[in-house]
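Novice: Structure provided below as structure tokens; questions to follow.
The values are calculated or read from the model by the stated rules, or taken from the named source; none is laboratory data. This one's a predicted model, so the numbers in the text were calculated from it and none came from an experiment. Cβ sites come from the backbone with ideal geometry, for glycine too, and all protein chains shown count toward neighbours. Just so you know, the surface numbers come from the protein's heavy atoms only, side chains and all, with ligands and any DNA or RNA stripped out. Shrake-Rupley method; radii C 1.70, N 1.55, O 1.52, S 1.80 Å.
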Amino acid sequence: MPVAPGNPHGNPEAAQRQGALPSTPLRREVTLAPAGFPRGDTRHFRPAVGASDVAGPVHSAMMSSQVVVNQGYNSQLPGSYPPLTPAKTLNPGSGHYYSGGSQGPGQTLHRPPVAANPAVPSLHSGPVPRMPAPASQSPAATPRPSGGFLPGASPLPPVTWQHSYPSMGSQVNHYPPAPSQPPVPGSTNLSTNHQYVSSGDPLLQNSYGKSGSAPPIRNPPLPTTFQPGAPPGPPPTGGPPLVRALMPQKASLRAVPQPSFNSAVNQEGITSNTNSGSLMAHSNYDEIEGGGFLATPQLATKNPQISRSVGYTYPSLPPGYQNVPPPSSATGMPPSSLNYPSGPQAFPQAPLGANHLTASMGGLSLHPEGLRVVNLLQERKMLPSTPLQPPVPNLHEDIQKLNCNPELFRCTLTSIPQTQALLNKAKLPLGLLLHPFKDLVQLPVVTSSTIVRCRSCRTYINPFVSFLDQRRWKCNLCYRVNDVPEEFMYNPLTRVYGEPHRRPEVQNATIEFMAPSEYMLRPPQPPVYLFVFDVSHNAVETGYLNSVCQSLLDNLDLLPGNTRTKIGFVTFDSTIHFYSLQEGLSQPQMLVISDIDDVFIPMPENLLVNLNESKELVQGLLKTLPQMFTKSLETQSALGPALQAAFKLMAPTGGRISVFQTQLPTLGVGALKPREEPNQRSSAKEIHLTPSTDFYKKLALDCSGQQVAVDLFLLSGQYSDLASLGCISRYSAGSVYYYPSYHHQQNPVQVQKLQKELQRYLTRKIGFEAVMRIRCTKGLSIHTFHGNFFVRSTDLLSLPNVNPDAGYAVQMSVEESLTDTQLVSFQSALLYTSSKGERRIRVHTLCLPVVSTLNEVFLGADVQAISGLLANMAVDRSVTASLSDARDALVNAVIDSLSAYRSSVLSNQQPGLMVPFSLRLFPLFVLALLKQKSFQTGTNARLDERIFAMCQVKNQPLVYLMLTTHPSLYRVDNLSDEGALSISDRTVPQPPILQLSVENLSRDGAFLMDAGSILMLWVGKNCAQNFLSQVLGVQNYASIPPIMTDLPELDTPESARTLAFISWLREQRPFFPVLYILRDESPMKANFLQHMVEDRTESALSYYEFLLHIQQQVNK
């Protein structure tokens, strides 16, 4: 809606006076009492006029201003930073949860038509074949499937989602436009023209230690900081450089006005006329991070004849620097990571002209094993005894050694098909899986006032660009030739001028830049942490407040941040309680808001306080909080109003809200009703996977617009409708944690798990007000995103918070033929604010070869990445269609790809189920997915547990997803030091991984099942006495307690080996897997056997039966 007449700047206070916005009532009752005092001892106070709306940061006339009226509920914000809000159309009719920034009722997206055969295995409707019933040992013939993730399939009905792009000029799903344009109606955010003015430390120019590094990292070396253009020494003094004169420019996928060549182009692709005296700040992150692919396509055609190869055509010089990798024994990483540097390494690169490259690649041959054809019916035991390695792309070694670590960035196909037709023929999904903010042992950090990027597509310079000479480089994504800036000619490590190809930016596929002021919409925000606690009677009964408050007390000094760190607390039951922690108070004051229908913020300046200045008050509150509500009989839960209040409190700055909930919300907006039907738990039909309200999604989008993320901790023994509640984290780039049946006395294992995971959560690294964009070589296009975020401006992911434990996935298509290039590249750029107040850009670049034959496509298939991407697609299919459709589509993905291989690659048709060696585990992993909690049927799994498993599929990095899907089984009663890892002062045994079948168990052994979030140690009845006494510390088998969740620390070599191995497994992941020791008659043995994915169950086929079914369909 337009701003009110006479209020050109959109000032909310002025707007209120003019009646343009709903005004706050002058009198509201607030109950005020010292924290810890009974509520009877209260008094009333009357807030000042507009108190809930006026307090805010200092006004800055420089920033553009808009007023966008909120819809969905009444949220009036205090003065806030410049607007970062999406304009969106919200449809209250229905909501889809797992859309991953997809088209759904909170987001209207329009997309221009792409190639006739879209790359993705699409999720289409229509008849789908059912899995054969396990009753028949030899499955009967079923009709050929017609449903699945099939390329070129008919589209879904409108209720499903795919990422769609806005048409040109559309403002839908964009940040607010430049100030010259009218505001977009329908936004759910109220933005003002205030700018936060911080006090405290200036921007830190040097690199910083990671506060939340992963447990296995022992004393990691600080990132190397490069400061080009100056000799090594202290950072320069003085403030950041002035913001250049900028002309806002809308970024789009296609044509935008071409900048004139006599105008200055700044680091972000925004043209600025050097003669103009105007000064204008960026109005959105799309301008800051740079436009999408080919922001100026006219420029890209200037050099159409230049060969598209990677390499340098002038002689290479001796290596300018070498990052020394840490000893492999000190990394604490599993063997799978040891073949790649833990942190990106710098290597001297040989000259690779076009002729050299062609000759080199022509002489390459794939490993002979890759050419093998496997008959799975005869060779079923194909699981390697060591962790499965990702395939190595068929690249020249000088390129491959510079490539991105697959733990950070990997593709489902390491050989990219030349055309969409070839991709369709292979029937394999093309996509990327990313872990962009992963904790790294080594990370090169560059401090420079010049960040070199392509003038056309805004790609960051990387190891796979070509230097035509010392003064010109060619982009490896759009092939534009760019000039090398003067500053880039100097190598800071060798102190030699004229070595741009030796710079760290061109020697590392993963690198981090300290961003100059042009990359900021506002001063970097301070770290702000708000904790929201459920204190209803149900919550008090669980006893969770004791654990959480104690964890906070223990880790208060370890929260990532600096002298600007702020903290606040809110509690709620049927009312909302704020806590004034103003410096100078003798104890915290509780402010009780009973009007949950129209929540406002009393004394907003005292509710979020500087942690250093008010630490004693914060500690006092955390010590008294668990006892304050012990006698409460209030059973209602007003979660929705509490979240509204938290959002209003956080909106001026942004930050992280951590909300702890123990039951179904019952009061106020966002109240929910029970939907779970216990009798329907095991069925694939009629289960409620979609949200019952769009309130939480709408609120999450508002949070995202104000750089607020919400993390949800659900500690509930009853149904709490996680499908609806999870939306608050889903769309605000938060995380979901779930602790079913949490109780401090009855379930001590969950208490231990919560404490361990909270410690990691509170101390791990965090990035604020982040955005991420993924770029790819011209001819490729990205069309669907998976993960927790909101998609802005077609391809910019909004991440109010980014954490090192979050993974993302994207689906891609081949939009134009790649016949004239040998290599393609993918680049992700993550722009974020560190907890120290630094603006940083982390860039990962991946290079892969292009192939023209179907055989080469299959040889380069990455079966783990394919399975992970299909799992993400299946979650979406479950929500938009049904669980049974998703299961059938997973099966069809195997049938289709193996049918394509049989009909198009195999020269002679042999009996059996013939698969390429690269896909030898594909049927096994898909069967494991069908038995995973997200997609399994026939079990009495709680609905919330199934939803949580789906949340994990969408948000976990691939390595954890695969471990949860296909656990690792080890025999541990005979551990030895043979082949062990040496980590610090520990020796960690490496027992072989076993097939997941009971035929590998024996009653005279002990077997450890690592299922990701749970460890189960099954001890056979006839297990050797030595293991019982030396490891378990019991005299005999009968002495093993019925419930045992810890191994004793005994002074024996056997105990030391077992404990070292279990500790090492736990250190590999950000969550804490609980250990259960099981006897043969233990009730949990059924859970142990359920993870044996190769065995038959009442409702699922065995691996052999599944292979027979696949063979029957493939050979039709």
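Novice: Looking only at the range 902-924, how many residues end up being assigned to a helix (DSSP H, G or I), open to solvent by 10 Å² or more (accessible area, probe 1.4 Å) and under 17 Å from His1109 (Cα atoms)? Walk me through it before giving the result.
Specialist: Step one: filter the range 902-924 for residues assigned to a helix (DSSP H, G or I), giving 902-904, 917-919, 922-924.
Now restrict to residues that are open to solvent by 10 Å² or more (accessible area, probe 1.4 Å): 902-904, 917-918.
So of that shortlist, the ones also under 17 Å from His1109 (Cα atoms) come out as 902.
Looking only at that region, the number is 1.
Novice: For the list (1) under 26 Å from the mean Cα position of the chain (by Cα); (2) open to solvent by 10 Å² or more (accessible area, probe 1.4 Å); (3) within 21 Å of Pro526 (Cβ to Cβ), I need the number of the one condition that Lys698 fails.
Specialist: Result: Lys698 fails condition (3) only.
Novice: Looking at (1) closer than 12 Å to Leu846 by Cα; (2) in contact (Cβ under 8 Å) with a residue 60 or more places away in the chain; (3) of a type outside the set (S, T, N, Q), which one does Leu422 not meet, given that it meets all the others?
Specialist: Status for Leu422: all satisfied but (1).
Novice: If a residue must be under 30 Å from Met590 (Cβ atoms) and among the polar types (S, T, N, Q), how many such residues does the range 491-534 contain? If you could, list the steps in order and put the result at the bottom.
Specialist: Just the residues of the range 491-534 that are under 30 Å from Met590 (Cβ atoms), to begin with: 525-534.
Adding the requirement that they be among the polar types (S, T, N, Q) leaves 525.
Going through the range 491-534 one residue at a time, the tally reaches 1.
Novice: Of the residues in the range 391-402, how many are touching a strand residue (DSSP E or B) at 6+ places or on another chain (Cβ under 7 Å) and open to solvent by 20 Å² or more (accessible area, probe 1.4 Å)? So that I can check it myself, show each step before the final result.
Specialist: Initial filter on the range 391-402 (touching a strand residue (DSSP E or B) at 6+ places or on another chain (Cβ under 7 Å)): 393-395, 399.
Checking the rest, the ones that are also open to solvent by 20 Å² or more (accessible area, probe 1.4 Å) come to 394.
The qualifying residues number 1.
Novice: If you don't mind, there's one more thing I want to ask. So which residues in the range 494-518 are part of a loop (DSSP other than H, G, I, E, B) and over 13 Å from Val445 (Cα atoms), if there are any at all? Explain how you work it out, then say what you get.
Specialist: Step one: filter the range 494-518 for residues part of a loop (DSSP other than H, G, I, E, B), giving 494-495, 498-499, 503, 507-509, 515-516.
Across the range 494-518, the qualifying residues are Thr494, Arg495, Gly498, Glu499, Pro516.
Novice: Let me spell it out: the conditions are (1) open to solvent by 10 Å² or more (accessible area, probe 1.4 Å); (2) in a strand (DSSP E or B); (3) over 30 Å from Asp820 (Cβ atoms); (4) not polar (S, T, N, Q), and Leu468 meets all of them except one. Which number is the exception?
Specialist: (3)
Novice: Next question, about the same structure. So, in the range 1026-1045, how many residues would count as being surrounded by fewer than 16 Cβ atoms within 10 Å (Cβ to Cβ), of a type outside the set (Ser, Thr, Tyr) and farther than 28 Å from Asp985 by Cβ?
Specialist: 6
Novice: With the requirement that a residue be under 24 Å from the mean Cα position of the chain (by Cα) and not charged (D, E, K, R), what does the range 1065-1079 give you?
Specialist: Taking the range 1065-1079 as the starting set, the residues that turn out to be under 24 Å from the mean Cα position of the chain (by Cα) are 1065-1074.
Leu1065, Gln1068, Pro1070, Phe1071, Phe1072, Pro1073, Val1074 - these are the residues of the range 1065-1079 that are under 24 Å from the mean Cα position of the chain (by Cα) and not charged (D, E, K, R).
Novice: Here's something else I'd like to know. Note down all Cβ pairs under 7 Å where the first residue falls in the range 617-645 and is in contact (Cβ under 8 Å) with a residue 40 or more places away in the chain and open to solvent by 50 Å² or more (accessible area, probe 1.4 Å), the second is among the hydrophobic types (A, V, I, L, M, F, W, C) and not in a helix (DSSP H, G or I), and they're at least six residues apart or on different chains.
Specialist: Qualifying pairs under 7 Å: Thr624/Ala35; Gln636/Leu667.
Novice: Give the residues of the range 643-665 that are over 26 Å from the mean Cα position of the chain (by Cα) and either closer than 13 Å to Ile728 by Cβ or among the aromatic types (Phe, Trp, Tyr) (or both), sorted by residue number. Please lay out each step first, then the result.
Specialist: Looking only at the range 643-665, we keep the residues that are over 26 Å from the mean Cα position of the chain (by Cα), and these are 645, 663-665.
Result: Pro665, single match.
Novice: Give just the number: which of (1) touching a helix residue (DSSP H, G or I) at 6+ places or on another chain (Cβ under 7 Å); (2) assigned to a strand (DSSP E or B); (3) open to solvent by 10 Å² or more (accessible area, probe 1.4 Å) does Tyr1076 not satisfy?
Specialist: Answer for Tyr1076: the failing condition is (1).
Novice: Still on this structure, please answer the following. Working only within the range 501-517, note down all residues that are open to solvent by 10 Å² or more (accessible area, probe 1.4 Å) and among the small types (Gly, Ala, Ser).
Specialist: Ala515, Ser517
Novice: Kindly check whether there is at least one residue in the range 843-862 that is hydroxyl-bearing (Ser, Thr, Tyr), closer than 23 Å to Arg458 by Cβ and surrounded by 24 or more Cβ atoms within 10 Å (Cβ to Cβ).
Specialist: Looking through the range 843-862, at least one residue is hydroxyl-bearing (Ser, Thr, Tyr), closer than 23 Å to Arg458 by Cβ and surrounded by 24 or more Cβ atoms within 10 Å (Cβ to Cβ).
Novice: Those residues that are part of a helix (DSSP H, G or I) and in contact with a strand residue (DSSP E or B) (Cβ under 9 Å, 6 or more places away or on another chain), I need them from the range 1017-1050; list them, please.
Specialist: Pass one, the range 1017-1050, residues part of a helix (DSSP H, G or I): 1025-1032, 1037-1039.
Those that are part of a helix (DSSP H, G or I) and in contact with a strand residue (DSSP E or B) (Cβ under 9 Å, 6 or more places away or on another chain): Phe1027, Leu1028, Val1031, Leu1032, Tyr1037.
Novice: Separate question: Counting just the residues of the range 964-998 that are open to solvent by 50 Å² or more (accessible area, probe 1.4 Å) and among the acidic types (Asp, Glu), which one comes out nearest to the chain's Cα centre (by Cα)?
Specialist: Among those residues, the one meeting the criterion is Asp985.
Novice: Criterion first (open to solvent by less than 10 Å² (accessible area, probe 1.4 Å), at pLDDT 95 or above, farther than 27 Å from Tyr832 by Cα and of a type in the set (A, V, I, L, M, F, W, C)) does Cys549 satisfy it? Steps first, answer last, please.
Specialist: Numbers: open to solvent by less than 10 Å² (accessible area, probe 1.4 Å): yes; at pLDDT 95 or above: yes; farther than 27 Å from Tyr832 by Cα: yes; of a type in the set (A, V, I, L, M, F, W, C): yes.
For Cys549, the condition - open to solvent by less than 10 Å² (accessible area, probe 1.4 Å), at pLDDT 95 or above, farther than 27 Å from Tyr832 by Cα and of a type in the set (A, V, I, L, M, F, W, C) - is met.
Novice: Kindly establish whether Ser741 is more than 27 Å from Glu1067 (Cα to Cα) and among the small types (Gly, Ala, Ser). So that I can check it myself, show each step before the final result.
Specialist: Numbers: more than 27 Å from Glu1067 (Cα to Cα): no; among the small types (Gly, Ala, Ser): yes.
Against the criterion (more than 27 Å from Glu1067 (Cα to Cα) and among the small types (Gly, Ala, Ser)), Ser741 does not qualify.
Novice: What pairs come out if I take residues in the range 1079-1107 that are free of Cβ contacts under 8 Å to residues at least 12 places away in the same chain and pair them with residues that are open to solvent by 20 Å² or more (accessible area, probe 1.4 Å) and part of a helix (DSSP H, G or I) whose C-beta lies under 6 Å away, six or more apart or interchain?
Specialist: Pairs found: none.
Novice: Could you tell me whether Pro1048 is crowded, with 19+ Cβ neighbours inside 10 Å and in contact (Cβ under 8 Å) with a residue 12 or more places away in the chain? So that I can check it myself, show each step before the final result.
Specialist: Working: crowded, with 19+ Cβ neighbours inside 10 Å: no; in contact (Cβ under 8 Å) with a residue 12 or more places away in the chain: yes.
In short, no.
Novice: Still on this model: From the residues in the range 916-963 that are of a type in the set (Ser, Thr, Tyr) and more than 23 Å from the chain's Cα centre (by Cα), which one is farthest from Tyr731 (Cα to Cα)? Reasoning before the result, please.
Specialist: Going through the range 916-963, the residues of a type in the set (Ser, Thr, Tyr) turn out to be 918, 934, 937, 939, 960.
When the remaining residues are screened for being more than 23 Å from the chain's Cα centre (by Cα), the result is 918, 937, 939.
Values: Ser918: 36, Thr937: 28, Thr939: 30 Å.
If we take residues in the range 916-963 being of a type in the set (Ser, Thr, Tyr) and more than 23 Å from the chain's Cα centre (by Cα), then Ser918 is farthest from Tyr731 (Cα to Cα).
Novice: Moving on. When you scan the range 999-1025, how many residues do you find that are of a type in the set (Gly, Ala, Ser), buried (at least 18 other Cβ atoms within 10 Å of the Cβ) and without any contact (Cβ under 8 Å) to a residue 40 or more places away in the chain?
Specialist: Qualifying residue count, the range 999-1025: 2.
Novice: Continuing with this model, one more query. How about the range 471-500: which of its residues are among the aromatic types (Phe, Trp, Tyr) and surrounded by fewer than 21 Cβ atoms within 10 Å (Cβ to Cβ)? Don't jump to the end; show me each part of the working.
Specialist: Step one: of the range 471-500, the residues among the aromatic types (Phe, Trp, Tyr) are 473, 479, 488, 490, 497.
Tyr490, Tyr497, listed by residue number.
Novice: Moving on. Being modelled with pLDDT of 95 or more, open to solvent by less than 20 Å² (accessible area, probe 1.4 Å), over 30 Å from Glu1067 (Cα atoms) and in contact with a strand residue (DSSP E or B) (Cβ under 7 Å, 6 or more places away or on another chain) is true for just one of Leu433, Leu428, Leu413. Which residue is that? Can you show your working first?
Specialist: On the way: Leu433 fails: over 30 Å from Glu1067 (Cα atoms); Leu413 fails: over 30 Å from Glu1067 (Cα atoms).
Selected residue: Leu428, the only one of Leu433, Leu428, Leu413 that is modelled with pLDDT of 95 or more, open to solvent by less than 20 Å² (accessible area, probe 1.4 Å), over 30 Å from Glu1067 (Cα atoms) and in contact with a strand residue (DSSP E or B) (Cβ under 7 Å, 6 or more places away or on another chain).
Novice: Looking at Ala829, Ala928, which one is at pLDDT 95 or above and assigned to a helix (DSSP H, G or I)?
Specialist: On inspection, the qualifying residue turns out to be Ala928.
Novice: Which of the residues belonging to the range 923-962 are charged (D, E, K, R) and touching a residue at least 60 places away in the same chain (Cβ under 8 Å)? So that I can check it myself, show each step before the final result.
Specialist: Within the range 923-962, the first condition is being charged (D, E, K, R), and the residues that meet it are 931, 933, 942, 944-946, 954.
Listed by number, the residues that qualify are Lys931, Arg942, Asp944, Glu945, Arg946, Lys954.
Novice: What are the residues in the range 576-606 that are among the hydroxyl-bearing types (Ser, Thr, Tyr), in contact with a Pro (Cβ under 9 Å, 6 or more places away or on another chain) and open to solvent by 10 Å² or more (accessible area, probe 1.4 Å), if any? Walk me through it before giving the result.
Specialist: In the first step, residues of the range 576-606 are kept if they are among the hydroxyl-bearing types (Ser, Thr, Tyr); the result is 579-580, 586, 594.
Retained after the next criterion (residues that are in contact with a Pro (Cβ under 9 Å, 6 or more places away or on another chain)): 579-580, 586.
Within the range 576-606, just Ser586 meets the criteria.
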